[in-house]
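What follows is a short report on a single structure.
The values are calculated or read from the model by the stated rules, or taken from the named source; none is laboratory data. The model shown is predicted, which means the values in this text are computed figures rather than measured ones. Positions of Cβ are generated from backbone atoms using ideal geometry, with glycine treated the same way; all protein chains shown enter the neighbour counts. SASA here: full protein model, heavy atoms, side chains in, ligands and nucleic acids out. Shrake-Rupley method; radii C 1.70, N 1.55, O 1.52, S 1.80 Å.
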Amino acid sequence: MAKNLERRVTLTDAAVDVLADEGARGLTFRAVDARAGVPMGTASNYFSSRDDLLMQTGARISSRMTPDPAQVEQIMLPAPSRELVAELMHWLIRRMTDDRNGYLAMLELRLEATRRPDLRTQLTRTVRAGFEESLSFHRDRGLPGDPDAFLVLYLAMTGVLLEHFTLPEMLGDDGLDHLVEAVVTRIIPADQGLS
């Protein structure tokens, strides 16, 4: 397999766009080559199979969704509070909206994983690791809410993002900020640390 990392990123980013625009059925080596603007046959030199392409695309999406550490430090300047948790959730919505294709591609991968056990195993491992890292961050930074509250917040925000990206008229753009506030207010206590 070819080792040019920059080209591999270009190809996986193209695969993200193909997944977002055409779904998993549209994800072929030819479609990726065309989207990336590279000669036909390039993707097949970088990925051993379609499954390999799917798995590496999943890894690329996870990388794209990981926030910049400097931005994390900036947003974490205020003291831990329910208000800070709400700001983190608003920031999550903004980051995912800024990479809409990445989020839609992840939804496509999740659906594809229901039919591909190897992809499901890898995606579960990746998503679980991200969840555990976020839970540790929440606890280590002293943000309010116990592990159960954090899990419920995670699941609620996953639902909010799903509606926002797939059926935006369901929530309406005007109500999104209010909804995030309502989710956080009802799940995260105002004055309880993480146990």
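Below, the figures for the structure above:
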{"item": "Magnitude of the charge dipole, the range 11-82, Cβ model with Lys/Arg +1 and Asp/Glu -1, debye to 20", "result": "120 debye"}
{"item": "FRET efficiency, Ser81 to Met170 (Cβ-Cβ, R0 35 Å, nearest 0.05)", "result": "0.70"}
{"item": "Gyration tensor (alpha-carbon) shape descriptor, the chain, a/c threshold 1.5", "result": "prolate"}
{"item": "Span-like helix ranges in the chain, DSSP H, alpha carbon extent 27 angstrom or more, Kyte mean at least -0.5", "result": "147-166"}
{"item": "Segment Arg141-Gln74, extension gain: residue separation times 0.36 nm, minus the distance between their alpha carbons", "result": "22.8 nm"}
{"item": "Given charges at beta-carbon only (K, R positive; D, E negative), |dipole| of the range 35-172 in Debye", "result": "420 debye"}
{"item": "Fully extended contour minus Cα-Cα distance, from Glu22 to Thr185, at 0.36 nm per residue", "result": "55.0 nm"}
{"item": "Length-normalised contact order of the range 11-112 in % [C-alpha pairs under 8 Å, at least 6 apart]", "result": "38 percent"}
{"item": "Rel. contact order, % - alpha carbon contacts under 8 angstrom, at least six apart, the range 51-195", "result": "34 percent"}
{"item": "Theoretical ellipticity at 222 nm over the chain - DSSP helices of four or more residues, -39500 (n - 2.57) apiece, nearest 500", "result": "-24500 deg cm²/dmol"}
{"item": "Order by protection proxy (mean Cβ within 10 Å, highest first), peptides 72-84, 115-127", "result": "115-127, 72-84"}
{"item": "Surface per residue (accessible, 1.4 Å probe) for the range 1-160, Å²", "result": "53 Å²"}
{"item": "The chain, accessible surface, carbon-and-sulfur percent (1.4 angstrom probe)", "result": "54 percent"}
{"item": "The range 112-159-the range 69-86 distance, computed between alpha-carbon centres (Å)", "result": "19 Å"}
{"item": "Farthest toward positive dipole pole in the range 32-79 [+1 Lys/Arg, -1 Asp/Glu at C-beta], among Ser44, Pro78, Gln56", "result": "Ser44"}
